Amino acid sequence: MATMNMIQAINSAMDVTMQRDDNVVVFGEDVGYFGGVFRATAGLQKKYGRTRVFDTPIAEGGILGTAIGMGAYGLRPVVEVQFADYIYPAFDQLVSEAARLRHRSAGQYWAPLTVRSPCGGGIFGGQTHSQSPEGIFTHVCGLKTVMPSNPYDAKGLLIAAIEDDDPVIFFEPKRLYNGPFDGHHDRPLKSWAGHALAEVPEGHYRIELGKASIVRPGNEVTVLCYGTMVHVCLAAAEESGVDAEVIDLRSLLPVDLETIEASVKRTGRCVIVHEATRTGGYGAELSAMVQEQCFWHLEAPIERVTGWDTPYPHALEWDYFPGPARVAAALKRTMETA
Amino acid sequence: MATMNMIQAINSAMDVTMQRDDNVVVFGEDVGYFGGVFRATAGLQKKYGRTRVFDTPIAEGGILGTAIGMGAYGLRPVVEVQFADYIYPAFDQLVSEAARLRHRSAGQYWAPLTVRSPCGGGIFGGQTHSQSPEGIFTHVCGLKTVMPSNPYDAKGLLIAAIEDDDPVIFFEPKRLYNGPFDGHHDRPLKSWAGHALAEVPEGHYRIELGKASIVRPGNEVTVLCYGTMVHVCLAAAEESGVDAEVIDLRSLLPVDLETIEASVKRTGRCVIVHEATRTGGYGAELSAMVQEQCFWHLEAPIERVTGWDTPYPHALEWDYFPGPARVAAALKRTMETA
Amino acid sequence: MRSATPLRLHVPEPKHRPGDPADFEGMTIPPAGALPRPDSDTPESELRAFPYGMIRVLDDSGSAVGAWAPDIPTPVLIKGLRAMALTRAFDDRMQRAQRQGKTSFYIKSTGEEAVAVAQALALDPGDMLFPSYRQQGLLIARDWPIVDMMCQLFSNAADRLKGRQLPVMYSVREVNFFSISGNLGTQFPQAVGWAMASAIKGDTRIAASWIGDGTTAEADFHHALTFAAVYRAPVLLNVVNNQWAISSFQGIAGGECATFAARAIGYGIPGLRVDGNDFLAVYAATQWAAERARSNHGATLIELYTYRAAAHSTSDDPSAYRPGDEAAHWPLGDPIARLKQHLIATGAWSEERHKAMLEQVDNEVKVALRAAERIGTLGSSKPDPGTMFDDVFKELPIHLRRQREQLLAEKLDGKGA
Amino acid sequence: MRSATPLRLHVPEPKHRPGDPADFEGMTIPPAGALPRPDSDTPESELRAFPYGMIRVLDDSGSAVGAWAPDIPTPVLIKGLRAMALTRAFDDRMQRAQRQGKTSFYIKSTGEEAVAVAQALALDPGDMLFPSYRQQGLLIARDWPIVDMMCQLFSNAADRLKGRQLPVMYSVREVNFFSISGNLGTQFPQAVGWAMASAIKGDTRIAASWIGDGTTAEADFHHALTFAAVYRAPVLLNVVNNQWAISSFQGIAGGECATFAARAIGYGIPGLRVDGNDFLAVYAATQWAAERARSNHGATLIELYTYRAAAHSTSDDPSAYRPGDEAAHWPLGDPIARLKQHLIATGAWSEERHKAMLEQVDNEVKVALRAAERIGTLGSSKPDPGTMFDDVFKELPIHLRRQREQLLAEKLDGKGA
Ligand SMILES: Cc1ncc(C[n+]2csc(CCOP(=O)(O)OP(=O)(O)O)c2C)c(N)n1
Ligand SMILES: Cc1ncc(C[n+]2csc(CCOP(=O)(O)OP(=O)(O)O)c2C)c(N)n1
Ligand SMILES: [Mg+2]
Ligand SMILES: [Mg+2]
């Protein structure tokens, strides 16, 4: 076991899969010689050569288009979209092609690709380096969408994604790359060192896509979250004194319906937290689904704590970010209806 | 007053606005000389000339990119994307540009454009001529999304959209172009002739974006729907015998929260119906929002009746389409918990 | 201050519209045999005249002339002739089937059969094809059973695509024919990616893809050319310039400003412009580009200059936007007639054999049609509804399992649509 | 069977990496004055050599030579020199401000100041500019107060963008400077659309846009060129080839295969390749293209050949991917030094005046900085949080009204983040 931050864990996942399977190739803007603007692919080109790890033209649509062709050939492309905000030029290839290929060819062709992309804010990145577009992808049938919250999961989920035969969008909350950020931006930065989930095996392991993780068992309210918000919600649970069960979904589609339903049926309350804009976000689906499945167990309205329905504002990002105080307030409101 | 079908009403909306405002221009694939593959722009080039109504290269991204520039200049572009399924190549220009321009420039620039696009299935169009992608756009802050269900609304809403200073995505349920289709595909086709909402004034009128229409008042359950599903829900209400209040949302964003909340608080029940795929669809937002605002009034779980989470299958489209039987079943299920 | 001329928007317009006489007078058609044939490893910088010329082999008398005249064994030429005739007969019959309600939709390739057929024959069977919806001739030239194609068109129980796809959107892995998309142009960069993969693995198979003149405007055209050029991908990128994109003439895609082959220049790859109705020229250009790709000299853009003689699709009526008899005036003639003329000129063919062949292909279509109809046509036979949930993912996740159960329960209840 | 060579993927790689000596030996730099200057209404077919040459006016001695030498009044040249110097001083000071935490991010244009400054001066003030993030020189050349730019960089209470945008993503309607997007390339077709609108209205104003070499690979490049060509839009489409796109050299964008100016050929519009560090050449080429656009001859693609002397941004360290001293070896020199040399050579300038001017611009930056800092720097002063809901739409819809109320209520409760 080594201590790894998120970047190292993600790098290790690619390293391990490339080692085991010649068909894994890695490409994207700046990922080759330089190793990526966040250094996630550092060292891979040197180790596996320029034909397996390479820089691409700045054309997210071209990256995905070629990746689909490579996938159809039999490779397992792992591509980086430099920021999740820049995934939109590839939208047609993702939605109309990667997501549909297996179905429309009735299983004759498929595109076993993984799209890695850093998402989320809290780094003063402004509106085009801070978005969380997962809710756009979870609505698209045929795509899997994953977002880890810690190094251990990041590596295990990324290996599972790369080895998965379906296209997987793998969002990496960039605010977590270097430490388990809980939303207290005014406190000293934490690093991953010493965090239990930063103990990462060097070798191969997988975390099944579609399995949530209960990161804090509790009895009073179920908190559904993922990515950076997992740490925010843990902080909120401590600070509010509410005995919250915090569930890190990890995989948004497929999602672990059983774990969610079992928890809400037990607690009778549910708070959903994400950083993305509120209206039509993934939280809406979670809320609708929980309500459908657990209606008779609910003792309070399901709440959503989310980013506002505005672009992510550069200088106002701490007014935008759904931090622990807002989550704690929701937890307490939910408990008031006891 | 004239009797118009949807196409004629939409054509009339463009005609009326072009007549009143020189800055309205209309373009898209095949919309010029030919008048559009659904004939929605028929006659406009002849009347207003080739520089105000013209064909474009087949590049939805280019159509939107140039439309934004024209909007910034001061024109009011009304562009057609030939099928909603083909809007994805324009996604980046819509999401990163049209939707953000006013905010990011703090009001210095904006793009008052309207994107018309036929959506929905039931015409044996297969997976790439049947999609209803509204749920992707309602999640994008800065865009307005509209879907009419009849000629009168279509004209009034389209005029309002064209005259609106924000970008509006205007989805036209193509199954309704020629008649008020209620999902009974095995019965003789109905035409708009004789339908009250096919009586359309020739001149200028607007229907405010953000105002729903109660198309069938009722007391037992609130049905939220739009587009083709309005007619399906009306049929389901009749056939089920449930005294449903059917609300045609018309405008999905902004949405008429007051009308929705007032109705559900009164009926205590809610069924949401759309043709789009279920997970993460616009129905999820409606469900979440109704639950948040009306929780203490709910006497049964909010139900969603939607397309399945698969591509729209060509030969199986009547197994896919959420028809009156499925809606009626949901209405009855909802009432069982009385 | 300078004198300020008011600006004007130029909107391209075809020379002739319905009511006008059909006429291609402005069009310059270079004579057959005029262009030299450089070696297939010639640097792009020496090839920049090709996009502005036109590779033509068959002259008006049906003789193969000039440096591009390929050396094709007669049986291959006859196979090509037959495949084109079969494609045309198939198209005609399937269009009729659509009118009869046996299928919802059809797209013909009439007048441009040489493109798909000659290119399929010039490539190797292992080469991967990424077609648009108008290259049914590829499947036919690769001897794929037309009855299987008909089952797809009829969305019947034997449809290998399980009723999921719009008619004509075939996928046939067995003959390396990729899945056709309804979204224009997406296959172009996919073909490049497949070719890159082949190069990454040190394979010897190359890829080819086809889009229409109108589709060149899509982003994917640019992506494909950029990636193909940068990585020297072993791929043939074909633009079938059939003059029309539904109702828009090729000027709306930029055809008034330059040839589509000329787009290649800016990416530093060769652009060949070919008489698309000349089977021999198409074959020769394809062979040249394939040789170039196979020897690691990278991609070629080929513009196939032809004419869409039929409607865009069964949903279209071209008499609303172009002179009704334009096809008959197309100066490059008909590809079947021209190859036939050539074969007769060389003594390898005769009117009688041709007539017999046409009867034979008509019969082949009839026999296949009967077989397909026995299985069923649109609505009379269809795949099991529960199958629609398959292949969304490799395995069915829980939410789709639940949805399938719901569908099947509703079916039992009679609560279909 | 043919002999089957295994295929290989070609992956472009720059000649020199960190540790190698900086060296541009392979690069051919045509002499200044070599190219003829055709009339600005010359058909594209006669201009196809220009993408492969390079328009250069200033020779090694600082003399303006050849047909492209423009006739620029000395005060305009001096204004250009000063604007370039001010841009550089501003860049240096703002980079320092970022290091000091006064702003989160900065992007310099060091070494390529001639592009924005000469082009701004060659265009009319009413012409609309659609820049990327590296054309701050446009604002400076249009005399926009740098204190206003600093307030944007500091996201302070006077930031005209209300703290919403990443630093450097200016929007200044007053001087016809469009809103900069963080998404690469999107402004290119927008500029074409603006120009089309101007033509539709019979206006006389034209548009210009800028993207980098790397950004040419994006779809919007292709869209812009296609629409500009088809409708003969009065627009200048500029590609600033500064050799690098973050860590990727221009070969990754296709620069090994052809020049970026050559892309124009395929669309049938002129492509000019210009020494981007030669103020006079940039001015002359811009003037030519503007004249062409204004007289309804349509768009021009201009490749400005230059070098990104600084890091990509304050988040970047180029010593990780290129030789550290590469900038110093750039064969086209420094644009400020070259214009200075020219002005001195013509007797319009002197070392003393230059020194005084540099002091003056430094001082101007200092004074502005003090003024901006008085208002505030990142975090020390910011717009009211409730304003973030404004301008999402023209009017606040109900859901945003509710969200704003919630934010303000939470603020009162101390429940911020
Ligand atoms: C992305 C996208 N936009 C629009 C369409 C609608 N459409 C289908 S075919 C067609 C015309 C294509 O013309 P061309 O590329 O010349 O091919 P051809 O039909 O002539 O073979 C259009 C606009 C589509 N299928 N996909
Ligand atoms: C759509 C999109 N993809 C990726 C990025 C990330 N990115 C920002 S700048 C840049 C490099 C651009 O290089 P170039 O076009 O050469 O311009 P330069 O920075 O050299 O001026 C990249 C990849 C982005 N901003 N937008
Ligand atoms: Mg065509
Ligand atoms: Mg660059």
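Nothing in this text is a laboratory measurement; each read-out follows from the coordinates by a stated rule. All figures in this text were calculated on a predicted structure; none of them were measured in a lab. Here Cβ is always computed from backbone atoms with ideal geometry, including for glycine, and neighbour counts include all displayed protein chains.
Give the aspartates and glutamates whose C-alpha is closer than 18 Å to that of C:Lys340, dropping any in the same chain fewer than 8 places away, or say none. In chain and number order, the partners are C:Asp59, C:Asp60, C:Asp71, C:Glu112, C:Glu113, C:Asp275, C:Asp278, C:Glu351, C:Glu352, C:Glu359, C:Asp362. Largest GNM mean-square fluctuation across D:Gly202, D:Gly111, D:Gly379, computed for chain D with C-alpha springs under 10 Å, falls on D:Gly202. Were the residues from C:Val76 through C:Asp413 laid out at 0.36 nm apart, the gain over their Cα-Cα distance would be 115.5 nm.
Here, chain C yields an orientationally averaged convex hull projection of 26.2 nm² when only Cα atoms define the hull. Across identical copies of the chain, D:Pro18 has label-point separations of 6.7 nm, listed in ascending order, with the point defined 7 angstrom from Cα along Cα→Cβ.
Plainly put, the tip 7 Å out from Cα toward Cβ on D:Ala67 is 3.1 nm from that tip on each other copy, the closest given first. Inter-copy label distances at A:Gly43, using a point 7 Å along Cα-to-Cβ, come to 7.1 nm with the shortest given first. In this structure, A:Lys46 and C:Val175 have a Cβ-Cβ separation that, at R0 = 41 Å, corresponds to a calculated FRET efficiency of about 0.50. Taking a sphere under 9 Å around the Cβ of D:Gln152 and counting the other residues whose Cβ falls inside, with K and R at +1 and D and E at -1, yields a net charge of -1. A simple charge model with +1 on the Cβ of Lys and Arg, -1 on the Cβ of Asp and Glu and nothing else charged puts the dipole of the range D:1-91 at about 320 debye relative to its Cα centre. Note on the protein assembly as shown: with charges restricted to the Cβ of Lys and Arg (+1) and Asp and Glu (-1), its dipole about the Cα centre is near 120 debye. The packing ranking of peptides A:234-246, A:282-294, A:201-213, highest mean first, is A:282-294, A:234-246, A:201-213, where packing means the average number of other beta carbon atoms within 10 angstrom of each residue. Counting neighbouring beta carbons within 10 Å and listing from fewest to most, the residues C:Ile29, C:Ile302 come out as C:Ile29, C:Ile302. Take each residue of peptide A:292-300, count the partner chain Cβ atoms within 10 Å of its Cβ, and average: the result is 3. Rounded to the nearest 20, the Cβ-based charge dipole of chain A about its Cα centre (Lys and Arg +1, Asp and Glu -1) stands at 460 debye.
Placing R0 at 22 angstrom, the Cβ-Cβ distance between A:Arg333 and A:Arg216 gives a FRET efficiency of 0.70 after rounding to 0.05. Which one, D:Ala199, D:Ala281, D:Ala120, has the greatest fluctuation when you compute a Gaussian network model over chain D with C-alpha springs under 10 angstrom? Result for chain D, Cα springs under 10 Å: D:Ala199 fluctuates most. Close amide H pairs (under 5 Å, H built 1.01 Å from N) link A:Ile272 with A:Leu224, A:Glu303, A:Arg304, A:Val305, residues at least 5 positions away or on another chain.
Count Lys and Arg as plus one, Asp and Glu as minus one, and take only other residues whose Cβ is under 12 Å from that of D:Thr306; the net charge is then -3.
With 24 Å as the limit, the listed pairs B:Lys47/C:Lys15; D:Lys108/D:Lys355; B:Lys211/B:Lys265; B:Lys144/D:Lys201; A:Lys155/A:Lys265 have B:Lys144/D:Lys201; A:Lys155/A:Lys265 beyond it between alpha carbons. Charge tally for B:Ile260 (other residues, Cβ to Cβ under 14 Å; Lys, Arg +1; Asp, Glu -1): -1.
Are there DSSP H segments in chain D that both extend 20 Å or more along their axis (alpha-carbon positions) and score a mean Kyte-Doolittle hydropathy of at least 1.0? List them, or say none. Passing helices, by number: none.
Highest-first packing order for the peptide set D:234-245, C:222-233, C:304-315 is C:222-233, D:234-245, C:304-315, based on the mean count of other beta carbon atoms within 10 Å. Where a Cα-Cα gap under 12 Å defines reach, which aspartates and glutamates qualify for C:Lys394, not counting those fewer than 8 residues away within the same chain? Candidates past the 8-residue exclusion: A:Asp164, A:Asp165, A:Asp166. Relative to the first principal axis of the alpha-carbon coordinates of chain A, what is the inclination of helix A:228-240, with its axis defined by its Cα atoms, in degrees from 0 to 90 and to the nearest 10? Value to nearest ten degrees: 20.
Among B:Lys174/C:Lys366; C:Lys162/C:Lys411; D:Lys102/D:Lys366, which pairs are too far apart, with a Cα-Cα distance over 26 Å?
Working: B:Lys174/C:Lys366 36 Å; C:Lys162/C:Lys411 19 Å; D:Lys102/D:Lys366 14 Å.
B:Lys174/C:Lys366, as the Cα separations exceed 26 Å there.
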